Amino acid sequence: MYNRRKFIKLTALTASVATLSKYATAKNIPTVPGDRLPIVISTWDFGVAANKEAWKTLEKGGRALDAVEAGVKIPEADMKNHTVGRAGYPDRDGRVTLDACIMDEFGNCGSVAAMENIAHPITVARLVMEKTPHVMLVGDGATQFAVEQGIKKEKLLTPESEKAWKKWLVKAQYSPKMNIENEQHRPGSKYNHDTIGMLAIDAKGNISGACTTSGMAFKLHGRVGDSPIIGAGLFVDNEVGGATSTGVGEEVIRNVGSFLVVELMRQGYSPRDACKEAVHRIIKKKPEIAKEIQVGFLAINKKGEYGAYAIQEGFSFAVCDKNKQDLLIPGESYYKDIKKN
Ligand code: SD4
């Protein structure tokens, strides 16, 4: 049998040669540090705390990639957060499976999906990017790789998550609608989907992004949403900008949402208009379910201009730059716009 350790070593060598050539290409990409930079933005209200952590790297002139990894580790470690990281709710079999991806200014990317027993999937995603020639590792292979990299295995199902799962088992009704998930996550908060997607531009004008989640609570074992899929849950193009998403991942994947948003910005759309167009595409494809689901996009362009748009009201995003570190902005939405008109 081929020795796995040898394989990783060998392939890491190949990867570093490949990375070198990527650096050479990246030199030709103009960077435009401006007044707005550095800046970090992220999804939902807990993005505020995550941004503050990312800011510690950015304000020192650090790299956006380091900033986004450090930032999203805050909700991943938060024991009150049941949709990201170590305290995430399990699938219908009582297993906590985590998804994450990361992308840098050179187009390098790494991802893990359906990974168990590791509390910080974003760090493993970065290791996949930096230490292997691959983009994505899943399931047992991802956990095995994490352990080989020196990361400790942990039991992730918290007593609170176990209680919620057992309560869910009584009826065991699963419908991929966010409201079910939300009622359990935050009583009274109808549309509060808690995947964190973060985008940062550092002082050099380079863009990176990260996205991490425990996915939909009580999903089928093995189900993977948009969050660890490059192009769906996250996409960065250092010439143009970056985008990330939250909400019902299946609909985002169908439309390759984050890639679409970045490509629309390339065509001249503002970040907000690009997010709006991507939301409209989702609604157009499945108008019959649009009323029932939430999807939100968040985007930033090379100049540091940002914007967001969601299907439903209730989406918010956090912004942090040198002027203000704890800004929380309510996202615009399709159904709010309908009500207005
Ligand atoms: C997923 N997009 O797994 C994620 C879910 C999400 O808050 O955003 N949850 O489909």
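The values are calculated or read from the model by the stated rules, or taken from the named source; none is laboratory data. The model shown is predicted, which means the values in this text are computed figures rather than measured ones. Using ideal geometry, Cβ is built from the backbone for each residue, glycine included, and neighbour counts are taken over all protein chains shown. Only protein heavy atoms, including side chains, enter the accessible area calculation; ligands, DNA and RNA are left aside. Shrake-Rupley method; radii C 1.70, N 1.55, O 1.52, S 1.80 Å.
So which helices (runs of 4 or more DSSP H) stay within the stretch 229-341 end to end and still have 1 or more residues that are in contact with a helix residue (DSSP H, G or I) (Cβ under 7 Å, 6 or more places away or on another chain), closer than 24 Å to Val68 by Cβ and of a type outside the set (Asp, Glu)?
Answer list for the stretch 229-341: 257-266, 271-285.
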- prompt: Picking from Ala119, Ala113, which residue would you name as being at pLDDT 95 or above and within 17 Å of Lys219 (Cβ to Cβ)?
  reply: Ala113
- request: Return a yes/no flag: does the stretch 112-120 have any residue that is hydrophobic (A, V, I, L, M, F, W, C), touching a residue at least 24 places away in the same chain (Cβ under 8 Å), at positive phi and not in a loop (DSSP other than H, G, I, E, B).
  value: yes
message: With the requirement that a residue be open to solvent by 10 Å² or more (accessible area, probe 1.4 Å), within 16 Å of the ligand (Cβ to nearest atom) and in contact with a Leu (Cβ under 9 Å, 6 or more places away or on another chain), what does the stretch 104-153 give you?
response: Ala114, Glu116
Index of the failed condition, Cys320 passing every other in (1) under 23 Å from Pro228 (Cα atoms); (2) in contact with a Leu (Cβ under 9 Å, 6 or more places away or on another chain); (3) surrounded by 22 or more Cβ atoms within 10 Å (Cβ to Cβ): (1)
task: Give me the pairs, please: first residue somewhere in the stretch 249-278 and within 15 Å of Val224 (Cα to Cα), second residue anywhere and small (Gly, Ala, Ser) and surrounded by fewer than 24 Cβ atoms within 10 Å (Cβ to Cβ), beta-carbon distance under 6 Å, and either six or more positions apart or on two chains.
output: Val256/Gly231
message: Suppose the filter is touching a helix residue (DSSP H, G or I) at 6+ places or on another chain (Cβ under 8 Å) and of a type in the set (Gly, Ala, Ser); does Ala113 pass it?
response: yes
message: Just checking, does the stretch 288-301 include any residue being touching a Phe, Trp or Tyr at 6+ places or on another chain (Cβ under 6 Å), farther than 19 Å from Thr195 by Cβ and in contact (Cβ under 8 Å) with a residue 24 or more places away in the chain?
response: no
field: All positions within the stretch 205-263 that are open to solvent by less than 10 Å² (accessible area, probe 1.4 Å) and β-branched (Val, Ile, Thr)
entry: Ile207, Thr212, Thr213, Val236, Thr244, Thr246, Val248, Val252, Val261, Val262
- prompt: Tell me, which residue of the stretch 199-226 that is more than 13 Å from the ligand (Cβ to nearest atom) and part of a loop (DSSP other than H, G, I, E, B) is nearest to Glu116 (Cα to Cα)?
  reply: His221
